Amino acid sequence: MQISGKAAVVTGGASGLGEATARALAAAGAKVAIFDRSADRGEAVAAELGSGALFCAVDVADEASVTAALDRVEAAFGTVRAVVNCAGIVLASKTLGRDGPHPLDSYARILDVNLKGTFNVLRLAAARMAATDPVEGGERGVFVNTASVAAFDGQKGQAAYAASKGGIAASSLPIARDLARDAIRVNAIAPGLFLTPMAAELGEEVCAQLAKDVVFPKRLGDPAEFADAVLFLIRNTYVNGTTLRLDGAVRLP
């Protein structure tokens, strides 16, 4: 799918991988809507991107919140043709720790935002795409979801996070099959260790230690490299129903 002139949504687009993706899409000529809960940062990024961008305060796990945001995007930019789901949260907690069993409410919260939130945005946006005429190449829309290498080799303390990201990876193919008759593609990216603001807060020494596990290149990923992969998956019509590891060949110990 051609990106220029298309309306795109990026959840979690106010920071990290989502922000890099929003900027890359805007640079490629897309009209970009940033869905995030961080209003100050989201408004600032949208303002930097100019008149072809807008910010919507969204709870991705809430149907009414997502519906209202999609209505606003359609009114401003027309039919949404690309959705990149980057919104997510992380938690470190062992299944059985010193304080007892893993808190069930925090486990549910991780699944609610990462897995349910991704699917909620996808299903609601897909319904709108399916009701429109196809664009070039015969497709109506494309989704790129964010999994994680934790889906495949999650570390201790990542039971909830790995489950949420594993669900995203596992659902790429069945959702792509579900939406094939509507000419809508679905893929996911499983990023490894990236230099996001969250990682940067750990300090240079910790980041350098993390980079030692990367096979090559011996560094953390640049969010711009994630954004490049997103643009590739949007543009290449023949990539469908798959999860792309983007990790420098790292395998988490």
Exercise. Calculate the spin-label point distance for ARG109 paired with ASP213, positioning each point 7 Å from the Cα along the beta-carbon direction, and give it in nanometres.
Key: 2.4 nm
Quiz item: What fraction of the DSSP beta bridges in the chain is antiparallel, stated in percent and rounded to the nearest 5?
Solution: 5 percent
Exercise. Compare VAL230, VAL214, VAL73 in a GNM of the chain, Cα atoms joined below 10 Å, and give the one with the largest fluctuation.
Key: VAL214
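Measure up LYS31/LYS116; LYS6/LYS218; LYS156/LYS212 against 29 Å on the Cα-Cα distance and list the ones that go over.
Table pairs above 29 Å Cα-Cα are LYS6/LYS218.
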Quiz item: Measuring from centroid to centroid over Cα atoms, what is the spacing of the stretch 16-66 and the stretch 92-137 in Å?
Solution: 18 Å
Quiz item: Within the chain, which complete DSSP H helices have Cα atoms spanning at least 24 Å along the helix axis and a mean Kyte-Doolittle hydropathy of -0.5 or higher?
Solution: 159-179
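Add -39500 (n - 2.57) for each DSSP H run of 4 or more in the chain, then divide by its residues: what number comes out at 222 nm, to the nearest 500 deg cm²/dmol?
Details: 10 runs with 109 residues, N = 253.
Counting only the DSSP helices, I get -13000 deg cm²/dmol.
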Self-check item: Rg in Å to one decimal, and Dmax rounded to a whole Å, for the stretch 9-128 via C-alpha atoms
Solution: 15.7, 52
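Arrange CYS86, CYS56, CYS207 by Cβ neighbour counts within 10 Å, fewest through most, would you? If you can, show how the numbers build up before the last one.
Numbers: CYS86 30, CYS56 23, CYS207 16.
Taking fewest neighbouring Cβ atoms as first place, the list is CYS207, CYS56, CYS86.
Under 8 Å for C-alpha pairs, at least 6 residues apart: give me the relative contact order for the stretch 7-246, rounded to a whole percent. Please report the intermediate quantities before stating the final value.
On the way: 467 pairs, mean separation 47.4, N = 240.
Rounded, it is 20 percent for the stretch 7-246.
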Exercise. In a Gaussian network model over the chain where Cα atoms closer than 10 Å are linked, find which of GLU48, GLU63, GLU19 has the largest mean-square fluctuation.
Key: GLU48
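If one computes P(r) from the Cα atoms of the stretch 174-253, what percent of pairs lie at distances over 22 Å? Don't skip to the answer; put the middle values down first.
Working: 1151 of 3160 pairs.
In whole percent, the share of Cα-Cα pairs in the stretch 174-253 beyond 22 Å is 36.
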Self-check item: Given charges at beta-carbon only (K, R positive; D, E negative), |dipole| of the stretch 7-246 in Debye
Solution: 580 debye
Practice problem: Mind telling me which of VAL113, VAL149, VAL90 comes out most flexible in a GNM of the chain, alpha-carbon contacts under 10 Å? | Solution: VAL90
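Only the coordinates and a few stated rules stand behind these numbers; no lab work does. If you're wondering where the values come from, they're calculated on a predicted model, not measured in any experiment. Quick reminder, even Gly has a Cβ in these numbers, built from the backbone with ideal geometry, and neighbours come from all protein chains shown.
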